[in-house]
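In what follows, a single structure is set out as structure tokens and then discussed.
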Amino acid sequence: MSHKESSQNTDLSRRKFLGSAAASAGLTIVPGVMLYQVAQAKPDAEAVTSKVRWGMLIDSTKCSTGCNDCVTACNTENGLKGHNRPETDVQWIRKLKVTDKQTGHVMSLPMMCQHCEHPPCVDVCPTGASFKRADGIVLVDRHICIGCRYCMMACPYKARSFEHEVVTDQKTWAPRGKGTVEACTLCVHRVDHDGTPACVEACNKAEHGAMLFGDLNDPDSEISKRLAEYGGKQIRADLGLNTGVRYQGI
Amino acid sequence: MSVGLHKRKLKLLLAGLILTLPLSLFAEDDLPTVPKAKEKATAEYGCVNPVSDMRKNHMEYLLHQRDETMRRGIRTKKYSLAECVECHVSADKNGDYAKFGESEHFCSSCHNYAAVTIDCFQCHNDKPQSAYPSQSSNKQSLPEGHEKFASNDVLPSGDAK
């Protein structure tokens, strides 16, 4: 990015900040209205806005080592099927087991697209297929993805997969095809209808409650409250990507 | 005299050929048989827009909707590809669904005829979600607005065009 461009961006964000500051000043006068708006599901005809930023908080101390429910739920929800080739099979979410060699302490956590504020996959995409939605969800527009896999190289989290085989019987809400890159969509089809990602739902169903989904921009959301009180770590925070997925207990 | 007669005969033959040529090209049997939709989307016209408009401009509507949904999260159903498939692709007597590419599939019935290749179904499912009754047990976890796709209920029948 050139200097000129970055200074433009700074100006824009300053303007946005002033705008949002004014908006919040207005909202404090009528707090009831704001609560009502937040509680409402987004109407179908309305575009997503940057007023919300979807994020996830994962508590690795609650995540069970043997449990794979989030992965199974993701595969079922999005119709992901393997070809018995673990090296190249698509994977939107995976379980990691991290062992501290010194102490022998074992940590378990799910790893997926971290939905960065400054996603490297978007920076490198030559066609603009990799993009970030206004509400912070990073997606691949497979209508224009050419399958170059540059984004897979750029992602520090190894979050993206390439589909090598012809796909049939896709889920209506999760179209997928050969020759394109794909990754966790934060179950965007559910989120747009006021739902929760399938992995979070499965984790709660298994009574682990290790995953929490919510709006990082809303100070009253459960995720924001927990992050404000206990904090949450970003994986590879040194890269300055400002991830939407945060971890506790790592 | 005989030369003139031959000429006239030739003219008649040519005229006859010219007349019958287009007829044989556009004969009723050669026109694509487009499967009927399951229900009427609107009361005024069969589809979401007048059929003549849909025949001519459906690709524009789909392309526009594609970007609106993908980039801006707008999920209106009027020009949604999933809704097109849901209404236009139905099972045959044995409960089997035609695949895209076969002349019995709504989209390919015409696209084969016009020799226009489309890539939609390399990623999108060519069958409606209602073709998967086993997924209806999973209804609880389905997002709102997708229950319809998973329902095993019989769609309203009628004189759909």
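The values are calculated or read from the model by the stated rules, or taken from the named source; none is laboratory data. Note that the structure is a prediction, hence the values are computed from the model and not measured. For neighbour counting, all protein chains shown are included, and Cβ atoms are generated from backbone atoms with ideal geometry for every residue, glycine included.
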Scan of region A:208-241 for residues that are surrounded by fewer than 18 Cβ atoms within 10 Å (Cβ to Cβ) and within 14 Å of chain B (Cβ to nearest Cβ), ordered by number
none
Determine whether A:VAL181 is buried (at least 22 other Cβ atoms within 10 Å of the Cβ) and within 13 Å of chain B (Cβ to nearest Cβ).
yes
Only listed residue being in the same structural domain as A:ARG236 (by TED's automatic domain parsing), within 28 Å of A:GLY240 (Cα to Cα), modelled with pLDDT under 95 and out of contact with any Asp or Glu (no Cβ under 7 Å at 6 or more places or on another chain), chosen from A:MET153, A:MET107:
A:MET107
The condition from (1) in contact with a Gly (Cβ under 8 Å, 6 or more places away or on another chain); (2) surrounded by fewer than 23 Cβ atoms within 10 Å (Cβ to Cβ) that A:VAL188 misses is numbered (2)
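Output the residue which, of all residues in region A:47-104 that are among the basic types (Lys, Arg) and farther than 22 Å from A:ILE235 by Cα, is surrounded by the fewest Cβ atoms within 10 Å (Cβ to Cβ). I'd like the intermediate steps shown before the answer.
At the first step, the residues of region A:47-104 found to be among the basic types (Lys, Arg) are A:51, A:53, A:62, A:81, A:85, A:94-95, A:97, A:101.
Applying the additional criterion that residues be farther than 22 Å from A:ILE235 by Cα yields A:51, A:81, A:85.
Values: A:LYS51: 14, A:LYS81: 14, A:ARG85: 9.
Applying the filter and picking the extreme gives A:ARG85.
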Which condition breaks for A:VAL52 when tested against (1) assigned to a loop (DSSP other than H, G, I, E, B); (2) modelled with pLDDT under 95?
(2)
List the number of the failed condition for A:LYS205; all other conditions in (1) more than 12 Å from every other protein chain (Cβ to nearest Cβ); (2) farther than 24 Å from A:GLY82 by Cα hold.
(1)
Go through region A:129-156 and count every residue that is away from chain B (no Cβ under 13 Å) and closer than 22 Å to A:GLU77 by Cα.
0
Select from region B:48-57 the residues that are in a loop (DSSP other than H, G, I, E, B) and in contact (Cβ under 8 Å) with a residue 24 or more places away in the chain and list them in ascending order.
B:VAL48
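Here's the yes/no breakdown for (1) of a type in the set (S, T, N, Q); (2) within 14 Å of chain A (Cβ to nearest Cβ); (3) more than 28 Å from A:ALA41 (Cβ to Cβ):
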position: B:GLU60; (1), (2), (3): no, no, yes
position: B:THR69; (1), (2), (3): yes, yes, no
position: B:LYS78; (1), (2), (3): no, yes, no
position: B:ALA91; (1), (2), (3): no, no, yes
position: B:CYS107; (1), (2), (3): no, no, yes
position: B:HIS111; (1), (2), (3): no, no, yes
position: B:VAL116; (1), (2), (3): no, no, yes
Considering residues that are touching a helix residue (DSSP H, G or I) at 6+ places or on another chain (Cβ under 9 Å), modelled with pLDDT under 80 and small (Gly, Ala, Ser), the number found within region B:12-58 is 1
